[in-house]
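> After the structure tokens below, expect a handful of questions from me.
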Amino acid sequence: HNGRWMGEVIQRRRDGSAVVVRSCWLLKRGVDGNPSGVLEFNKDITEQKNIEKEMARLDRLNLIGQMAASISHEVRNPMTTVRGFLQLLAQKESNAKYGEYYQIMLSELDRANEILNEHLSVARSREADFKLQSINDIVISLKPLLRADAFKVGKEVQLDLGNVPEITLDGSEIRQLILNLCRNGLEAMEDKGQTIRITTFLDKREVVLSIRDEGLGIPEKMIGKLGTPFLSTKDKGTGLGLAVCYGIATRHKAIIDVSSSLEGTTFIIKFKINDNS
């Protein structure tokens, strides 16, 4: 009607990969004034859209940080008082018959405290301790803890560590990232004897850390939203564990890729190699 149209369109390359384009269509008319064709201009804006998604995710993380900073101490202080009195009452002989109830209340308070700790992990603003170190050494140092976690639920942990160079890392944060992803993987696997596989290898100018489980996978519609606070596939999950992992990756200028199927989920974290390493 007005001779032009502008909008965003998803198109496919020859290799099947998708791109987002800003498209402008102009109506062409012949000498008789009748429409004779359409001239189409397309500009690839895929990278721009990806940046916008990342900025929106970081904004959500920042909001969670502000929330945590404003309420965490106010909530934890009375919780500590309540827990102390519950412990005191539980020790009285006259309350022995209610011992099971006291343990339930104490465990629920501890779970609430863990959730607050996860909020604080998202919100934490501390000075980073980046230094040149081996990611293999970090994985090996966690091996006893990871295998203990797996043994408790009848699962296994396998390591396949390649020959990779040292890179600049905050060791404490990378430990937290590995623990969070492995514990998520253990919870995703329902059958006894299933395995978490931790792999490291060199891919061109990147050190790659891969953590794979044998669970039932993550719904495809949720893959693009992973790392969003409060988004979780678990009934009692807070969604903060993955938010922490994505925040750590961002501070390390690393990229997290996720592939998932009914045979399991793989988190692939790619760290760039230092020019001077």
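The values are calculated or read from the model by the stated rules, or taken from the named source; none is laboratory data. These figures come from a predicted structure and were not determined experimentally. Cβ sites come from the backbone with ideal geometry, for glycine too, and all protein chains shown count toward neighbours. Heads up: the accessible areas ignore ligands, DNA and RNA and are worked out on the full protein's heavy atoms, side chains in. Shrake-Rupley method; radii C 1.70, N 1.55, O 1.52, S 1.80 Å.
> Being open to solvent by less than 20 Å² (accessible area, probe 1.4 Å) and at pLDDT below 90 is the filter here, so list the residues in the range 208-225 that pass it. First the steps, then the outcome.
Just the residues of the range 208-225 that are open to solvent by less than 20 Å² (accessible area, probe 1.4 Å), to begin with: 208-211, 213, 215.
Result: GLY215, single match.
> Mind counting the residues in the range 1-11 that are open to solvent by less than 100 Å² (accessible area, probe 1.4 Å) and more than 28 Å from ILE51 (Cβ to Cβ)?
Matching residues across the range 1-11 total 1.
> Among what's in the range 182-228 and is assigned to a loop (DSSP other than H, G, I, E, B) and small (Gly, Ala, Ser), pick the residue that is nearest to PHE271 (Cα to Cα).
Taking the range 182-228 and keeping what is assigned to a loop (DSSP other than H, G, I, E, B), we get 189-194, 204-205, 213-219, 224-228.
Those left that are additionally small (Gly, Ala, Ser): 193, 215, 217, 224, 227.
On the way: GLY193: 31, GLY215: 26, GLY217: 24, GLY224: 20, GLY227: 18 Å.
My answer is GLY227.
> Only residues that are of a type outside the set (Asp, Glu), under 25 Å from PHE130 (Cα atoms), surrounded by fewer than 21 Cβ atoms within 10 Å (Cβ to Cβ) and without any contact (Cβ under 8 Å) to a residue 60 or more places away in the chain: list them for the range 246-275, please.
Correct list: LYS253, ILE255, ILE256.
One line per residue, one yes/no per condition, for (1) among the aliphatic types (A, V, I, L, M); (2) under 30 Å from GLU190 (Cα atoms):
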| site | (1), (2) |
| --- | --- |
| LYS131 | no, no |
| SER134 | no, no |
| VAL139 | yes, yes |
| ARG147 | no, yes |
| LYS152 | no, yes |
| LYS155 | no, yes |
| LEU159 | yes, yes |
| VAL164 | yes, no |
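> Mind listing just one residue for me: the one in the range 12-68 that is in a loop (DSSP other than H, G, I, E, B) and open to solvent by less than 90 Å² (accessible area, probe 1.4 Å) and, of those, modelled with the highest pLDDT?
ILE45
> In the range 140-181, which residues are surrounded by fewer than 20 Cβ atoms within 10 Å (Cβ to Cβ), in a strand (DSSP E or B) and without any contact (Cβ under 8 Å) to a residue 60 or more places away in the chain?
GLU156, GLN158, LEU159, ASP160, LEU161
> A further question follows. Identify the residue in the range 178-207 that is under 19 Å from ILE256 (Cα atoms) and over 18 Å from the mean Cα position of the chain (by Cα) and, among all such residues, is modelled with the lowest pLDDT.
Of everything passing the filter in the range 178-207, LYS204 is modelled with the lowest pLDDT.
> State whether the residues of the range 108-124 include one that is more than 21 Å from the chain's Cα centre (by Cα), modelled with pLDDT of 85 or more and open to solvent by less than 60 Å² (accessible area, probe 1.4 Å).
Yes; the residues of the range 108-124 include at least one that is more than 21 Å from the chain's Cα centre (by Cα), modelled with pLDDT of 85 or more and open to solvent by less than 60 Å² (accessible area, probe 1.4 Å).
> Follow-up. Just the residues that are small (Gly, Ala, Ser) and either touching a helix residue (DSSP H, G or I) at 6+ places or on another chain (Cβ under 9 Å) or modelled with pLDDT of 95 or more (or both), please, taken from the range 151-171.
GLY162, GLY171
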